[in-house]
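Let me begin by presenting the structure, written as structure tokens, before commenting on it.
The values are calculated or read from the model by the stated rules, or taken from the named source; none is laboratory data. Source: prediction; values computed, not measured. Cβ placement follows ideal geometry from the backbone for every residue including glycine, while neighbour counts extend to all protein chains displayed. Ligands, DNA and RNA are stripped out before the accessible areas are found, and what is left, the full protein with its side chains, is counted by its heavy atoms. Shrake-Rupley method; radii C 1.70, N 1.55, O 1.52, S 1.80 Å.
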Amino acid sequence: MIRVAKTKHTVQNEPLLSPFGFKGAYLSELWQSVTLLTGADGSVGMGVGVQSVLWSDARVFVRYGEVAGNELMANMTRSALAGLEKAEFETPFELLEQLFPQVLAYGKKSIGLPDLRSTFALNSLVTVDHAAWGLFAKNKGLRFGELVPEAYRSALSEKQTRLGSIPLIPYGMSEDDIAKVLDDGYFLLKIKVGADPDQDGSQSKMLEWDCRRLSQIHEIASRYETEHTSSGKIAYYLDANGRYDGKDRLLRLLEHADKIGALERIVLFEEPFPEEVKTDVSDVPVRLAADESVHDTHDALERIELGYGALALKPVAKTMSMSLKVAKIARDKGIPCFCADLTANPVLVDWNKNLAARLDPIPGLKVGVIETNGHQNYRNWERMKSWHPRAGADWIEADKGIFRLNGGFYETDGGALETGAHYEALCEGGQPG
């Protein structure tokens, strides 16, 4: 058993280069949540997280605004840590199972939403779960692949040496910037759909906007070829963040995609509907992926039964412990998975890579992939990279759209379970470097 002797937590605001739009709203900054767990033997586990109130539960963002919403989520993290001193756990899985119901109950009461989305609580626990894995690694003296319990290892059969980096194409990205992304070698574009152009909630206007946007992007992408997809063409991964009201409207978008020659390029379409819409989608002509609607293994099974053909794993948003549980269910059911982003900082990107590198490629792609868009969105990305425990390592940056994972990455877990001096200083109240 691992005994927690001391906990520390802080947050750091990181501004974005420009307003970041999805779910019909916009972010201006993302709070970085940092936790230190000190064990009874003096070893320290460090966890970092990124809070995304808008992604986790848009109602909180709308009701309270950006800053107050972030403070509410940070308070949920603090509530988890308040009872952890002198707590014991065998693995991070047990710790998450202990904390999750308590933190969700606290959030429902403090925020005033009796149906607060479970993902909001999981997002608040990412930093704690990450720190628990760090403490677990120090206690066992093992690397990530060896730390994962045998029951979950069947989902982690690969050891990729290359991972495709998935960039984000948000609502406001210009044609020149889209072309630059493709010039840089990226081959799978994550395209945000579900815009609210007049901020009036009109579904018809949303569909019109999405059709125009897809045509615009497809016209640019059609000029490029790639060796990393089965077709040799640039592939698309659409994400609606639950904005479509039903299958009929979704099919109209896909009819448009077919008309312009883009349908065959869509390897994933993520979360078209609000999670309460539980419609059979087995007849939809693209692979639908579940993300926000999957909080746990029960949700994963439900979505698979509805015809969803892929699951987005998000250690950076829903904890590594929960992501591994979902990955096992997916493998048992023959459903492919991939690792999606939450505009993670450089340390969290490498924590995500530890899972992404061990998954099979998505059908239609020749290599594994991982979504990461922090380099596109954080104002201080270069400075944030300097805070990585393995700053300067060649696996941190993508080269022509590909992360190259050498032996050093696997020998060190990409530095993701090490303690970074900057984040440690933040938690200790000192002056960060």
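Descriptive notes on the structure:
- Given (1) surrounded by fewer than 18 Cβ atoms within 10 Å (Cβ to Cβ); (2) touching a strand residue (DSSP E or B) at 6+ places or on another chain (Cβ under 8 Å); (3) charged (D, E, K, R), index of the condition ASP399 fails: (2)
- Test: SER124 is small (Gly, Ala, Ser) and out of contact with any strand residue (DSSP E or B) (no Cβ under 8 Å at 6 or more places or on another chain): no
- Restricting region 128-155 to residues that are at pLDDT 95 or above and in a loop (DSSP other than H, G, I, E, B), the residue that is farthest from SER222 (Cα to Cα): GLY141
- Filter pass, SER204 being surrounded by fewer than 14 Cβ atoms within 10 Å (Cβ to Cβ), polar (S, T, N, Q) and part of a helix (DSSP H, G or I): yes
- Restricting attention to region 183-201, the residues being open to solvent by 10 Å² or more (accessible area, probe 1.4 Å) and not charged (D, E, K, R) number 5.
- Here GLY21 passes the criteria (1) open to solvent by 50 Å² or more (accessible area, probe 1.4 Å); (2) touching a residue at least 24 places away in the same chain (Cβ under 8 Å) except the one numbered (1).
- Among the residues of region 42-55, some residue qualifies, meaning at least one is over 16 Å from the mean Cα position of the chain (by Cα), small (Gly, Ala, Ser) and open to solvent by less than 40 Å² (accessible area, probe 1.4 Å).
- Within region 304-321, the only residue that satisfies the criterion of being buried (at least 24 other Cβ atoms within 10 Å of the Cβ), part of a helix (DSSP H, G or I) and out of contact with any Leu (no Cβ under 6 Å at 6 or more places or on another chain) is MET320.
- Considering region 387-433, and only residues there that are within 20 Å of the chain's Cα centre (by Cα) and of a type in the set (Asp, Glu), the residue that is farthest from LEU359 (Cα to Cα) turns out to be GLU397.
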